[in-house]
C-alpha cells in the first residue's frame, strides 16, 4: 500500500488533511550377449565280450576327446585417436561460435551470437550422443552431451530483452548451470586424456548500482511553492516520476528505508509513476532486477494561490509501503510505457 497526504499551507504554515493509496506489488548401457559355448565331450565306447570282458572294437582301439570350444569374441575397443578426432569435429563449430559470443558487444550483435551458439551447442550434443567412445570415456561423453544441451538453453535464455529491467546476458550466464556443467564434463574427459577444447564466453558478476538518496534522475523547470516528500518504506530502492501530459516534470531516486523531498513543485495535476527494484542502470533509466512499474490511478494536484494575507500551496507526502485501509488505487504499467 502507498500512502500520501496533502495539506494546504497559508503563509508557509501547513494545514489540511490528505489521502492514502494502495500499493500492489507486482532435463544404454549395451547389454552384451554372453554366448554359451557347448563343450562336446566324446566318451570312449567299449564293447562288452560274451565273457564279460571288455573287447576293443574291430579295427583297433581309439579314443577321442573334443578340444576346448572357442571363447566368445569381444568387440574391439574404440581407437582413442579416432574418438579424439570425432570429439574435435563435433566441438569445433561450437567453440568458434562461443568465441564470437565472447567478443560481441552487448545489444543486437550479442543476441545474434547467443542464438547461433545455442544452435551449435545442440548440434554438438546430437553428434556426441551417437559418437563411438572408448569404454572409459562413455560416461563422460554422455555427461558432456547433456551439459551441452543445457548450455544451449541457457544461451538462448540469456538474450537481452532490449527493454527495461533486463540484466546483461553476461550477468545471466554467470549464474546459469549449463556453463558450469560443461566445465565439469570437460574436466572429467581431460583427466582421461581427451581435450574438449571449448572456450566458454566471459561472464559478469551481478552489479548493485545505486544513486545517492534524493538524486534527481531527471529534473525539469520548477518554480512553484509545492512540496513533495517521498518516504520509501519498502525493501527496494525506488524512483518516483511525476508527469504532466506526456512531459516528465521530474524523477526522484529514493533509497529503501529513506525519505527525500522535492521543493518548488509547480502547480498542476500530475500523474504519479513509481518503479522499484535493484541495480540502477543509468543508461536505461531503470533497475535491472526485481522490477515493478506502477502508477496511481488518481492524479496528484498541486496548487499555489495567493490569498488574503499570504499564499496557499500544496504539500504532499508519499509513503511507499503497505498501509492498512489505503484508498488510492494503483495500476501496473508496461515497462515500455513507463516514462523515462
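No value in this document is a laboratory result; all are computed from the given coordinates. Because the structure is predicted, anything quoted here is derived from the model rather than measured. We place every Cβ from the backbone using ideal geometry, glycine too, and count neighbours over all the protein chains shown.
Quick look at the numbers
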| read-out | value |
| --- | --- |
| Cα shape, the stretch 185-292, gyration tensor, a/c 1.5 rule | prolate |
| FRET efficiency estimate (nearest 0.05) - Cβ-Cβ, residue 337 to residue 99, R0 35 angstrom | 0.35 |
| Average projection area in nm² (convex hull over Cα atoms of the stretch 85-149, one quarter of hull surface) | 4.2 nm² |
| For the stretch 81-190, Kirkwood radius (reciprocal of mean inverse C-alpha pair distance, Å) | 14.3 Å |
| Distance from the stretch 112-126 to the stretch 195-209 (C-alpha centre basis), Å | 16 Å |
| Ranked list, fewest to most other Cβ atoms within 10 Å of each Cβ, for 340, 181 | 340, 181 |
| FRET E, pair residue 247, residue 180, Förster distance 41 Å, beta-carbon r, rounded to 0.05 | 0.30 |
| All Cα pairs of the stretch 117-161, percent lying beyond 13 Å | 53 percent |
| Residue 81-residue 258 pseudo-label distance in nm [points 7 Å out on the Cα-to-Cβ vector] | 6.8 nm |
